[in-house]
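Taking it in order: structure first as structure tokens, then the write-up.
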Amino acid sequence: MKFDLKKSLFLSMAALGFVAVAGTYTATNASAKTYAKVTSNRKMSTDPTTRNITFNGSNALYTKAGTLRGARIVARKGTLSALANSKSSSDNFRVYRIATTNRKSVYYKIVSFDRQYRGWIYGGKTQGAFNGGIQQFTTFQSGNLTDAQKNSTYKFANTGVANDGKTVTYVQPAWTQYKVGRAIIDSSPYANATFKIDQVGTRTREGDQWVHIVATDNSNSQANGWILFSGLTQAQTPIADYAIRINLVDPSNNNAVVKSFDWQKSGATKGTPLGNQNNNNWSINSNDQRSIQSSIRNALNGTGFNLDTLTSSQLTALAQTKFGDSINLNVNKATNIADNAVRINIMDGNGNVVKSLDWNRNGATKGNNVGSQINGNWTLNNNDQQSIQNQINSTLSNSGYYLNLSNDQAAQIAQATFGGSVYLYANSNVIASQALRINLYSQSGRYIGYTDFTRSGATNGTNVGNYSNGTWNISDADANTILNQINSVLSANGYQTVGNTLTAAQRAQIAQGVFGSSISLTGYNSQTQSNYTTVNLMGTNYTAPGASAATLPMSFVKGTNVGTLNGNNLFTDSSSYISNTNPKFEVSYADLYNDSPLKIAGQSDTTAKAQVQKDNTSVTNGKFDVPSTGGDGDGLRGWNAEMRQTVDKSSLKYTVNNNQQPTLNNFTTGAWNTSFSKDNVVSFLNSQSLATLYSPLFPHITRDAEPGATNTGNYTLYWYQIVYTHDSANQSGGFNGQGSVIAPYTIKVLAYKANASGAGITSDQPITVSNYTDDPGVIPTAK
């Protein structure tokens, strides 16, 4: 604040002169200005988060209460009004002291969150109520998580030390509470950490979205906190070698993922592109395109978004995407459908929507079916069907497509509901001069699809086949080509050719067809695709924790009950556990066989003998010795490894609750190619008691001294068990009848301490091993 001393002195002298002159006029008119006095001044003790305020522009900010002697302006009313309308949360203010004057006025001392402004402002006549020139202000508005935010797992999009709202986390969203800062100052150590979102909201001034994240692994919990949603990226679960992950994103919302699914193709190889390249042009065969378009449509159902037609650039990008990789496709916000209308989307043979129309019925109610069901058959009344057909004809006029409603298509519309939509295939009027279009219909008249049989050099208007001896026919080579094309269309839509062949009548019909025109084949009424999906448990090997990173795969689930330990002593002579000169174990392989999974697997004790022989391990007189040192430097390490490896022999079993044999069944939630969610898979695994799987118990021996030491210490027998737990958070959904769905599992290793005699296990609860290794010198410790 500038202060002009000369001007002040001049004004002061002038003022004194005025008083002097006035004094010569009358002494009774002169009186000193009176100022307010402070009667109380104290620090506020109420919840600080309730003391965030903004301004209404009616009062200025002063160095002290404005009515006190010497009070100077810190910020004028106009400045405070501008701060009230600021789009930066650093311009939020906090009240921290309260004062009252002898005039019963209340003043509050406030400070801006960035500490650029501090002073006193009039607050009305009631203590604790923010009136006068200020009013209470909410700096952050809580919101509701979307389904995608609830169900997805996230990572930092970028890591480092930048204090920009999207690189590190904060105790509260930045600048929404006074003197509350960052939770971490460097996110680099958490580059591979994954998080779930449990809260969401927006800062009032900026309107940007912040989320509160919680680490999926408690060891990363220090990074828990608030961050801009735009600072996260969705963590990717493993993609199968025969799948492509398609992320459907909203370009108007920072490419937020609306839905994601894995499109699978049986027999595909990781690293190969989905499409084909010809002269720098990429394309996708029509069957794959139809399947992908249908999958997209199913995934977006009910989201308020659609992607009814893949653009040429999207098709090119899809064709270039390799199996095992992912792709983002932009989706569109769906336009609203009136409550009394049904939207009829008309598709080409590849599943792309070429035209749409909304058919209305006066007085119709949202959610009601368009038609009715009579004796189990859905039907439209004649007037409605004619009205719909007329509107379809008008919509497709000059489009190159036509659609005459079949019985099945009329039934599809009848089952649709007002306020909803239905998808129907149309026929194309555009046929190449060297092609015969073969339209395929089910026995009930439902349009399935079409294929164009093309012959290079064919002449428009000529027959495809030949007429000989009173019979029309085509060559076997043409018949095979056409049959393969027809099968591709049928299989993609759930149909097949009877006997996988063309009948004589069909060959004759094709032969009479002419290039540049079309024919129709009917009678395909056998849906070959099962709508059942196989659950592929594990799907990939998982790695146990610990220094050895021993791979413990579960590649099968089979067999009968495992049973429990039978109580036989593992060691034949407890006095021979240790020898100071040559410490070793003498263990009867027959007893090991009796106490091990080998007996349960139906193997003989000689098989047990063969499986425990390793390195310098010797078998004499029905016993095997496990020396403390051996060819690998530690014979006991090799023995532990051998015991661990027995749990993955093809004859051993994995069990579920109560040592029961797991039952693997296929499951379905609906018709072929309809989608099922991750929750459907979780529910199925729970119903089959497959959420948790257990390996057989297997022996593991530790010692508390190194090999060759004078005092060899104590040897301890443990019984280890591998527990597989379904990783429901990373489960994905799929489509009924489309191959298999992978059920991911996490693993942990349990250790039961054996009784002193070596027989059975103690009653102690097992520990979860954090340092799993075959090394006998490492004592198992709990996580």
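The values are calculated or read from the model by the stated rules, or taken from the named source; none is laboratory data. Because the structure is a prediction, the values reported are computed rather than measured. FYI the Cβ positions are ideal-geometry reconstructions off the backbone, even for glycines, and counts take in every protein chain you see. Accessible surface is based on the protein model in full, side chains and every heavy atom, while ligands, DNA and RNA are left aside. Shrake-Rupley method; radii C 1.70, N 1.55, O 1.52, S 1.80 Å.
Structural remarks
- Gyration tensor analysis over the Cα atoms of region 87-200 returns equivalent ellipsoid semi-axes of 39, 17, 9 Å (largest first, whole Å).
- Cα gyration tensor shape for region 382-488, rounded if a/c is under 1.5, else prolate or oblate: prolate
- Using the 1.4 Å probe convention, the accessible area of region 89-131 works out to 40 Å² per residue with neighbouring protein chains retained.
- Karplus 3J(HN,Hα) series, Hz, for region 116-129 with 6.51 cos²θ - 1.76 cosθ + 1.60 (x for Gly, Pro): 7, 10, 8, x, 10, 9, 5, x, x, 10, 10, 5, x, 9
- Annotation: average projected area of region 326-421 is 8.1 square nanometres, based on the convex hull of Cα atoms across all directions.
- Spacing of the two label points (7 Å from each Cα toward its C-beta) at ASP452 and ASN220, in nm: 5.0 nm
- Distant alpha-carbon pairs in region 265-310 (separation over 14 angstrom), percent: 61 percent
- Of the solvent-accessible surface of region 106-220, computed with a 1.4 Å probe and all protein chains present, 41% belongs to carbon and sulfur.
- Calculated Rg and Dmax of region 108-164 using C-alpha coordinates, Å: 19.6, 52
- Per the Kirkwood formula applied to alpha carbons, region 158-302 shows a radius of gyration over Rh ratio, Rg over Rh, of 1.10.
- Among 105-115, 311-321, the peptide with the highest mean count of other Cβ atoms within 10 Å heads the list, and the full ranking is 105-115, 311-321.
- 3J(HN,Hα) along region 457-467: x, 5, 9, 4, x, 8, 5, 6, x, 10, 10 Hz, from the Karplus curve 6.51 cos²θ - 1.76 cosθ + 1.60 with θ = phi - 60°, whole Hz, x for Gly and Pro.
- The calculated FRET efficiency for the pair ILE779 and GLN320, based on their C-beta separation and a Förster distance of 45 Å, comes to about 0.25.
- Kirkwood Rh, angstrom, region 372-424 [1 / mean 1/r, Cα pairs]: 11.9 Å
- Scattering profile of region 182-244 at q = 0.26 Å⁻¹ [log10 I(q)/I(0), Debye over alpha-carbon scatterers]: -1.17
- Pairs of alpha carbons in region 262-391 whose separation is greater than 22 Å (percent): 51 percent
- Region 276-429, accessible area per residue, ligands and nucleic acids excluded (1.4 Å, Å²): 48 Å²
- Placed amide H near VAL249: partners under 5 Å, 5+ positions off or other chain: VAL258, LEU329, ASN330, VAL331
- Take the Cβ atoms of ASN151 and LYS748, set R0 to 25 Å, and the FRET efficiency comes out at 0.55.
- Here the 3J(HN,Hα) profile of region 140-153, calculated from phi with Karplus coefficients 6.51, -1.76 and 1.60 at θ = phi - 60°, is 8, 10, 6, x, 10, 6, 6, 4, 5, 5, 5, 9, 9, 10 Hz, Gly and Pro shown as x.
- Percent accessible area from carbon and sulfur atoms, region 397-524, protein chains only, probe 1.4 Å: 42 percent
- For PRO273, neighbours were defined as the other residues whose beta-carbon sits under 13 Å from its Cβ, and their charges (Lys and Arg +1, Asp and Glu -1) total +1.
- Potential lengthening of the chain between THR501 and LYS125 amounts to 125.9 nm, from the contour at 0.36 nm per residue minus the alpha-carbon distance.
- Solvent-accessible surface of region 158-248, averaged per residue with a 1.4 angstrom probe and all protein chains in place: 44 square angstrom.
- Of LYS150/LYS748; LYS87/LYS166; LYS77/LYS179; LYS150/LYS259; LYS196/LYS678, pairs whose Cα-Cα distance is over 20 Å: LYS150/LYS748; LYS77/LYS179
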